[in-house]
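Engineer: Here it is, the structure, as C-alpha cells.
The values are calculated or read from the model by the stated rules, or taken from the named source; none is laboratory data. Keep in mind that what you see is a predicted model, and the values were worked out from it rather than measured. Cβ placement follows ideal geometry from the backbone for every residue including glycine, while neighbour counts extend to all protein chains displayed.
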Amino acid sequence: MKKNLLGIIIFAALFASCEKNTTTEPKTLPYSKAKLVLNEGPFGSGSGSLSAVFADSTVHEAFALENGFPVGNILQDGLTVDSLLYLATNVSSQIHCLSRGTLKHKWSTSVASPRSMAVVGQKLYVSNWTNPYLKVIDINGGALLDSILVHGLSGAIAIKNNALIVALDGGFSNDHRLAIVDTDLGGVDTLSVGDKPNSFVIDGDELYILCEGYSDWSGTGSTAGSIWRVDLLDLTSSKLAEGSDANEHGSGLSRDSDGTFYFLNGTYESSVVKWNNGEAWPTNNYINATAYGLSMIEDTLYVHDAKDYASNGTVMVYDNAGNLIDSLVTGVIPRKTIK
Amino acid sequence: MKKYALILAVKMAWIPFVLSAQSADTLWTANVLGRNFSIPTAFSASDSLAQTTQSAGEYLVRDPRIAIRQYVPGSVSTVSLGGANSEQTRILWGGIDISSGASGVLDLSLVPAAMISQSSIVGGVNSSSFDVSGIGSSILLENAADGKDQFYSAFSFSSIENTGVSVANGGSFGSTSYSSKIQVNRNLNNYSYQMGPYSGTMEGASNSALNFLQRFQGDLGTYTWTTDLWYTESEKLSRGSIITPVNISYLDDKSLRIKLGLKSKSGSDFQLYSGNESQSYTDTNAALSVLDTNLYMQWTGYYGYTDSLNKLTVRANYYTAGGSSRDAKMLVPKLGYERLSGNWKVKLNTTVFRSTPLLSITTTRNLQLLGTKGYLSLGNSFRLPTLNEMYWQPGGNPELVPERGIGAKWLVQKTKGAYQLMFTTDQFLIDHLIQWVPTVNGNWSPINYKSVYTGSGTARISRVNKFSSLSWAYTLNTSRVLNSENPGDPSIGKSLIYRPLSQSAFLYEQKLKAMVFQMRAYQIGLRHTLRDNSASGILPLERWVDVSLSASPWKGVRSMLTLHNVTNASRAQFQYYPLPGRYISIQLSINSIP
C-alpha cells in the first residue's frame, strides 16, 4: 500500500511539472518596433552605444544592456536586413551581427576601419578607410569571403539591382569618384563626380549624390560641396548644383516622398537645407540646427545634435513641413537613426 | 568618426638630491611652512628607495591631493591638483616654470622622482607667486649638490617586466660641488587584465625613458654659481584601448634643459634658462595616419633681489613652437614683488599679454588660534593661452584671452606629541576657461568658453614614534560648471571631468627587528569622463593596497620587496585602459652612505 502511494505521488509530481502545451501567437520582439540611434561615442576612450527609441520611451545603451559588453569605439553605421542588424564600429574595427528584434549578439568579425555596409544576397559588403578594397562578409557567420578592389578609400554604399555604388571619398584626403561594382560578375567601373561624395538617393534609374567638397585644413585647397546625378543605365554623370563658396559643404542627403531633398549644410554644427532638382545650391536654412548627422525615415527628419561631443547628444524629430514633433536624449555623438 | 580628436603633444618634472634621506628610518613629517607654502607629502623612508628608480608620475600617487592620469605605467602622465586642470598645474624647476609653452603641460613620466621632495607640492592660490600662470597649483622640482661624497646604484625589477636603473654620485673638487644622476626606465607592461567581459594580456603599451641630471655649484667671491643640465629621451608606444585592435602609435621625445645661476650673498639672484624639446608622433590608429612634429624652445632670464623685508623678481620668457602643426613665438615679461614681513604678506605678479597688462595679487596671513597654526591666503591669478591653443593649424585661436581665477586657501595644523592633524582647503572661481569646440567647417578651435568653480579639501592625521608611523589623508574634490558661452551647454551645473570626487591614502610603517614593513592603501573616488556626467562615462571608485618589506642586509645595501595591488583590484584612469592588477617588484640599492 505504501509503495503504491509513493508511486502515485511520484507519478503526480512528474505530471505536475509539465507545462500545458498550447499554441500561441509569437510575441512581438522587444526592439522590433524601436528606431535605433547610432551613437559614435567619444573618440579613443570609451564606447559607442545604441539608443532604442520607442513611442514613449528610450532605452539607452541597448547593445550593452542586452549583450553585457560595449559595442565598441565609434559606432559608424547600422543596417537592418530582414531579422538581422549589422553594426560597424570604425575604431574598434568590428562588424557585429545581432538579432534586430532582441538585439542579442550573434557574431562579430574584424574589418579594419569599416564605414558603411550593404547586403546583396548572402553577402555583406563593407567599405573602409584603411585600404582600397571592399570587404565581402558572409552574412550568416561573418566569415571573410572576398576583397574587391575599388581603387580608393570607400564610404557610403547604395544598391541598384545587384550593383553597388560606392562613394570613394578619400578618407581624410580627397577623392571625387564612385566605384560601380557588379556583384554578379565582379567587375568594377569608376565614375567622376564632385569632391568627397558622401551620401546617395536612388530614384528609379537615377542616382543623386551629395558631394561634401574638400576641407583643406592646412591651406587654400578647399572646394565647395555639389550635387550630382548619375544615369545608372549609361553611367553618365552631371552636376546639378554647387556651392559658390569653398566653405559651403554638405552631408546626409535624404529625400521625402514628394521628391524634395534635404541635407546638412556642413559636417559639424550644421543646419538642415532643402533642395529640389533644378534649383541652385541652397543658402537658406530650412531648420536651424547645430547638427552632426541627418536621417529621414518615412518622411520624418531626424536631426542629430552632438552638443559638445563629450556629453549625451540629442535627436530632434521634424516632419517634412519643418515642425518639431519630438526631442530625444541619446548617447554621445549621435550619428544616424535607422529603422 | 568624421574627424580625429585634436592630438596635443604633451610633455611633462624636485627634490634636494639628499642621499642622507635614504638612511632615515622614520616617517618624514617635516612641517614646512613659510614662503613656499608647500604642504608636506607623507613620504616614508621606504619610499626613498622607490624614489631612486621611479618617475614622478609613479611616485606622486602617494599624495592624495594629486590626481595623476596615465594610460598605462610609464605612458604620458599629466597631473592636476587642488581642483585645477593639467594646464593650470605648473611644474617649476629651480623656480623656472618649465611647463610646455606649446601644450601647457609637462609629462611627469619623464621626470625622475628624485627631483621631488616633501616640499614640492604647492596647492592653491599661493602657486601664483611662482613665475606663472599659477592659477591652480605648482609642483616644485629641484636638483641640489651639497658637496658630500656620495654614490648609489639602484635597480628595480617587476613581474610585469618594468625595470629601472639609476646611478648617482656627488662630491666636490676644489671649491666646486657636483651631483649627477642617470636614470633609465623601461616598461614592457606585460600584464594580464580583466575588465568586465574583457580579459587578455596587455600588448603594444611599452615605453622607455632616459634621464640625465648634472649639477655643478661653487663659490666665486661673494657669489655662488650653479650650472644645471637635464637631458631626457623617451619612446612610448600606445596601443589604443582594449576594445580596439592593437594599432600602435609612437611618440618620440627628446629634451635638453640648461640652467645657469649666480647668486650673491647680498641678495641678488641671476638665472638663465634654456629648454629645447623635440617630439615626433606617429598615429596609425585605424583610418588615421598622423605624423606630427613639435619643436619647442624656451628661454628665460631671471633676476631676483631679496632683503629681509622684500623680494623683487624680473623675468623675461621667450617661447617658440614649431613643427608640423604650428609656427609661433611669444615673449612674456613678468615683474614680481613680495612683501616678506608683516601680518599680511603680499605677493604681486604682473605681466603683459598682447599689450594687455595682467596683475595677480596674493595676500597671506598667518594664523594662530588655540594652539593651532595656519594661514589664510586670498588672491587672483591667470593662465596664459598656450602657443598650441593660439596657433595650432588648423583651428588655433589667436584671439584667446587668459583664463582668470580668484582663489582662497586656508590651512590649519596642530601638533601634539607624536600626533599631527592638518586640514587645508582650496577654492577657486575660474573664468574664461579655454575649451576646444567644433566649428562649422569641421575644424576644432579653442575658445574662452566657461566659468567654473573648483574646491578641494584635505584632512590628514599622522603619528610618528620611534618604531612606527601612521598617516591617513583624505581629500574631497568638488567642481561645477557655472556658466558657458553656449546657454544649452550640457555641462552647466555638472562636475568637471576626470576630477576624482575623493582621494585617500593610508600609510602604516612598522620597524621590525631586521626589516621595515610598510602598507599603503589608496582610494580614488568616482570620476566622470563625460561633460554632462552621464552614467556611461563614469570611472568607478577604486581601492588598492601595496605592501612592502625593506631591509638592509649588509652595510650600504638596501632592498625592498613590494606586492602591488594586493587584492588584484581592477583599475583604470581612462575607460578601457586597464592598469596592472597584482604584481611584485624588487628594488635594490647600493649606497656609499648606509
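Engineer: Please state which of the following conditions B:PHE382 fails to meet, knowing it meets all the rest: (1) modelled with pLDDT under 90; (2) buried (at least 22 other Cβ atoms within 10 Å of the Cβ); (3) over 30 Å from B:TYR474 (Cα atoms).
Structural biologist: (3)
Engineer: May I pose another question? Among the residues of the range B:455-492, count how many are more than 30 Å from B:THR439 (Cα to Cα), crowded, with 20+ Cβ neighbours inside 10 Å and charged (D, E, K, R).
Structural biologist: So the count comes out to 1.
Engineer: Return the residues of the range B:140-155 that are out of contact with any Phe, Trp or Tyr (no Cβ under 9 Å at 6 or more places or on another chain) and surrounded by 21 or more Cβ atoms within 10 Å (Cβ to Cβ); say none if nothing qualifies.
Structural biologist: Passing the criteria: B:TYR152, B:ALA154.
Yes/no per residue for (1) within 13 Å of A:ASN39 (Cα to Cα); (2) at pLDDT below 95; (3) within 14 Å of another protein chain (Cβ to nearest Cβ):
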{"site": "A:TRP275", "(1), (2), (3)": "no, no, no"}
{"site": "A:TRP281", "(1), (2), (3)": "no, no, no"}
{"site": "A:GLY293", "(1), (2), (3)": "yes, no, yes"}
{"site": "A:ASP305", "(1), (2), (3)": "yes, no, yes"}
{"site": "A:ASP308", "(1), (2), (3)": "no, yes, yes"}
{"site": "A:GLY313", "(1), (2), (3)": "yes, no, yes"}
{"site": "A:THR330", "(1), (2), (3)": "yes, no, yes"}
{"site": "A:ARG335", "(1), (2), (3)": "yes, no, yes"}
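Engineer: Here are some conditions: (1) under 30 Å from B:ILE538 (Cα atoms); (2) within 12 Å of chain B (Cβ to nearest Cβ). A:GLY225 meets all but one. Which one does it not meet?
Structural biologist: (1)
Engineer: Going residue by residue through the range A:271-278, is there one that turns out to be exposed (fewer than 13 other Cβ atoms within 10 Å of the Cβ), of a type outside the set (Phe, Trp, Tyr) and more than 21 Å from A:GLY152 (Cα to Cα)?
Structural biologist: yes
Engineer: Among the strands (runs of 3 or more DSSP E) contained in the range B:39-135, which hold 1 or more residues that are over 28 Å from B:ARG315 (Cα atoms), touching a Ser or Thr at 6+ places or on another chain (Cβ under 7 Å) and at pLDDT 80 or above? Before the answer, list the steps.
Structural biologist: On the way: elements: B:66-69, B:78-81, B:89-93, B:121-123.
The strands (runs of 3 or more DSSP E) meeting that bar are B:66-69.
Engineer: Kindly check whether there is at least one residue in the range B:340-351 that is touching a strand residue (DSSP E or B) at 6+ places or on another chain (Cβ under 8 Å), of a type in the set (Phe, Trp, Tyr) and surrounded by fewer than 18 Cβ atoms within 10 Å (Cβ to Cβ). Break it down into steps so the answer makes sense when it comes.
Structural biologist: From the range B:340-351, those touching a strand residue (DSSP E or B) at 6+ places or on another chain (Cβ under 8 Å) are B:340, B:343-351; that's our starting set.
Then keep just the ones that are of a type in the set (Phe, Trp, Tyr); that gives B:344.
When the remaining residues are screened for being surrounded by fewer than 18 Cβ atoms within 10 Å (Cβ to Cβ), the result is B:344.
Yes, the range B:340-351 has at least one match.
Engineer: Taking the condition of being part of a loop (DSSP other than H, G, I, E, B), surrounded by fewer than 23 Cβ atoms within 10 Å (Cβ to Cβ) and more than 8 Å from chain B (Cβ to nearest Cβ), how many residues in the range A:32-45 meet it?
Structural biologist: Qualifying residue count, the range A:32-45: 3.
Engineer: For the range B:304-324, indicate whether the set of residues that are in contact with a Phe, Trp or Tyr (Cβ under 8 Å, 6 or more places away or on another chain), assigned to a strand (DSSP E or B), farther than 24 Å from B:THR386 by Cα and among the polar types (S, T, N, Q) is non-empty.
Structural biologist: So far as the range B:304-324 goes, yes, one or more of its residues are in contact with a Phe, Trp or Tyr (Cβ under 8 Å, 6 or more places away or on another chain), assigned to a strand (DSSP E or B), farther than 24 Å from B:THR386 by Cα and among the polar types (S, T, N, Q).
Engineer: A further question follows. Taking the stated definitions as given, is B:PHE173 touching a strand residue (DSSP E or B) at 6+ places or on another chain (Cβ under 9 Å) and either within 30 Å of A:PRO70 (Cβ to Cβ) or away from every other protein chain (no Cβ under 14 Å) (or both)?
Structural biologist: Spelling it out, it is not the case that B:PHE173 is touching a strand residue (DSSP E or B) at 6+ places or on another chain (Cβ under 9 Å) and either within 30 Å of A:PRO70 (Cβ to Cβ) or away from every other protein chain (no Cβ under 14 Å) (or both).
Engineer: In the set B:SER158, B:SER241, which member is over 26 Å from B:GLY94 (Cα atoms), within 14 Å of chain A (Cβ to nearest Cβ) and crowded, with 17+ Cβ neighbours inside 10 Å?
Structural biologist: That would be B:SER241, the only listed residue that is over 26 Å from B:GLY94 (Cα atoms), within 14 Å of chain A (Cβ to nearest Cβ) and crowded, with 17+ Cβ neighbours inside 10 Å.
Engineer: Going through A:LEU264, A:LEU301, A:LEU232, A:LEU253 one at a time, which residue ends up being of a type outside the set (Lys, Arg), closer than 30 Å to A:LEU36 by Cβ and within 11 Å of another protein chain (Cβ to nearest Cβ)?
Structural biologist: After ruling out the rest, the residue left standing is A:LEU264.
Engineer: Hey, among A:ALA156, A:ALA179, A:ALA163, which residue is within 14 Å of chain B (Cβ to nearest Cβ) and surrounded by 15 or more Cβ atoms within 10 Å (Cβ to Cβ)?
Structural biologist: It is A:ALA156.
Engineer: Under 7 Å between Cβ atoms, at least 6 apart or on separate chains: pull out the pairs that start in the range B:534-545 with a residue that is within 14 Å of chain A (Cβ to nearest Cβ) and end on any residue that is in a strand (DSSP E or B).
Structural biologist: As it stands, the answer is B:SER534/A:ASN312; B:SER536/A:SER49; B:SER536/A:GLY331; B:GLY537/B:HIS528; B:ILE538/B:HIS528; B:LEU539/B:ARG527; B:LEU539/B:ALA572, since those pairs meet every condition given.
Engineer: Among the numbered criteria (1) surrounded by fewer than 20 Cβ atoms within 10 Å (Cβ to Cβ); (2) more than 20 Å from A:TRP129 (Cβ to Cβ); (3) within 14 Å of chain B (Cβ to nearest Cβ), which one does A:TRP217 miss?
Structural biologist: (2)
Engineer: The conditions are (1) surrounded by fewer than 22 Cβ atoms within 10 Å (Cβ to Cβ); (2) closer than 21 Å to A:SER327 by Cα; (3) more than 9 Å from chain B (Cβ to nearest Cβ), and A:THR102 fails exactly one of them. Which is it?
Structural biologist: For A:THR102, the exception is condition (2).
Engineer: Here is a follow-up. Kindly provide the set of residues from the range A:182-229 that are under 22 Å from A:LYS274 (Cβ atoms), small (Gly, Ala, Ser) and assigned to a loop (DSSP other than H, G, I, E, B), ordered by number. Outline the logic, then answer.
Structural biologist: Of the range A:182-229, the ones under 22 Å from A:LYS274 (Cβ atoms) are A:193-194, A:196-204, A:206-213, A:224-229.
Within this subset, residues satisfying the condition of being small (Gly, Ala, Ser) are A:194, A:199, A:204, A:213, A:224-226.
Passing the criteria: A:GLY194, A:GLY204, A:GLY213, A:ALA224, A:GLY225.
Engineer: Another question, if that's okay. What pairs come out if I take residues in the range A:54-78 that are more than 13 Å from every other protein chain (Cβ to nearest Cβ) and closer than 22 Å to A:GLY293 by Cβ and pair them with residues that are among the basic types (Lys, Arg) and buried (at least 18 other Cβ atoms within 10 Å of the Cβ) whose C-beta lies under 9 Å away, six or more apart or interchain?
Structural biologist: Cβ pairs passing all conditions: A:PHE54/A:LYS35; A:GLY78/A:LYS336.
Engineer: Any residue at all in the range A:316-333 that is under 29 Å from B:GLN435 (Cβ atoms), of a type in the set (Val, Ile, Thr) and touching a helix residue (DSSP H, G or I) at 6+ places or on another chain (Cβ under 8 Å)?
Structural biologist: Within the range A:316-333, one or more residues are under 29 Å from B:GLN435 (Cβ atoms), of a type in the set (Val, Ile, Thr) and touching a helix residue (DSSP H, G or I) at 6+ places or on another chain (Cβ under 8 Å).
Engineer: Then there is this: For the range B:546-594, which residues satisfy the criterion of being within 14 Å of chain A (Cβ to nearest Cβ), of a type in the set (A, V, I, L, M) and outside any strand (DSSP E or B)?
Structural biologist: B:LEU579
Engineer: Among all residue pairs at least 6 apart or on different chains, which show Cβ distances below 6 Å where the first residue, located in the range A:220-248, is among the hydroxyl-bearing types (Ser, Thr, Tyr) and the second is outside any loop (DSSP other than H, G, I, E, B)?
Structural biologist: Within 6 Å, the pairs are A:SER226/A:CYS211; A:SER226/A:LYS239; A:SER226/A:GLU242; A:SER237/A:LEU191; A:SER237/A:TRP228; A:SER237/A:VAL230; A:SER238/A:ARG229.
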